[in-house]
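A short write-up of the structure that comes next.
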Amino acid sequence: MIVLGIDPGTRTAGFGVVEVEGNRERALDFGTIDLPESMDHTLRLQRIYDRILELADEHMPDEAAVEVPFLGQNVQSMRKLVRVEATVMLAAMHREIPVAQYAPAEVKKAVTGKGRAAKEQVAFMVRAILRLEDSGALDASDALAVALCHARRATTGPASGAPKDWAAFIKANPGRVR
């Protein structure tokens with residue numbers, strides 16, 4: 001199975017392509033889609049869409065996985081980030097690639113064992129799991145972690161304690177939702 005993992009971002013979006021055969025997991029590709037601050041947001045979305053299509057055409061992933069934003073302080077930033085997430089999903093769907101979504105805590109738990117791990121801990125574990133000397137920028141290692149999370153969930157089910165959907169998240173975290 002080949003999984004395209006995406007860590008969406010409005011300035012930098014991470015991507016990671018992981019191949020899983022039995023117990024063997026290996027990185028096929030990873031990096032970032034860097035978007036200039038001066039670029040109009042709609043043009044950023046177009047660049048992300050085009051790059052996801054290129055990655056899909058190059059690696060022919062069986063499935064895609066996207067990390068979803070759950071909370072944010074700035075409403076405008078969250079709106080832009082959700083647009084990026086939707087753009088990624090639409091591009092994958094355009095290539096008929098099924099898309100799964102994961103909360104950051106579930107991704108972190110899948111690769112580190114802790115849902116509140118720091119980005120640096122995630123990067124360290126991604127390098128160890130995939131036997132990489134360098135996993136690129138933190139956004140790229142996060143995207144590889146999303147792909148690993150999806151591959152592992154496909155074989156073992158969700159990480160224990162992770163909410164399975166928005167309703168479960170809201171029920172488990174009533175004070176975090178406004």
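Results, tabulated for the structure shown:
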{"item": "All helices (runs of 4 or more DSSP H) inside region 49-134 with 2 or more residues being of a type in the set (D, E, K, R) and farther than 22 Å from residue 31 by Cβ", "result": "104-112"}
{"item": "The lone exception for residue 14 - which of (1) modelled with pLDDT of 95 or more; (2) touching a helix residue (DSSP H, G or I) at 6+ places or on another chain (Cβ under 7 Å); (3) open to solvent by 60 Å² or more (accessible area, probe 1.4 Å) it fails", "result": "(3)"}
{"item": "Among the candidates 118, 128, 110, residue that is closer than 27 Å to residue 86 by Cβ and either open to solvent by less than 60 Å² (accessible area, probe 1.4 Å) or not aromatic (Phe, Trp, Tyr) (or both)", "result": "110"}
{"item": "Region 30-63 - residue that is in contact with a Leu (Cβ under 7 Å, 6 or more places away or on another chain) and within 21 Å of residue 132 (Cβ to Cβ) and, of those, surrounded by the fewest Cβ atoms within 10 Å (Cβ to Cβ)", "result": "59"}
{"item": "Restricting region 18-29 to residues that are closer than 17 Å to residue 153 by Cβ and touching a helix residue (DSSP H, G or I) at 6+ places or on another chain (Cβ under 9 Å), the residue that is least open to solvent (accessible area, probe 1.4 Å)", "result": "18"}
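The values are calculated or read from the model by the stated rules, or taken from the named source; none is laboratory data. Not measured: the values here are computed from a predicted model. Positions of Cβ are generated from backbone atoms using ideal geometry, with glycine treated the same way; all protein chains shown enter the neighbour counts. What goes into the accessible areas is simple: the full protein's heavy atoms, side chains included, and nothing from ligands, DNA or RNA. Shrake-Rupley method; radii C 1.70, N 1.55, O 1.52, S 1.80 Å.
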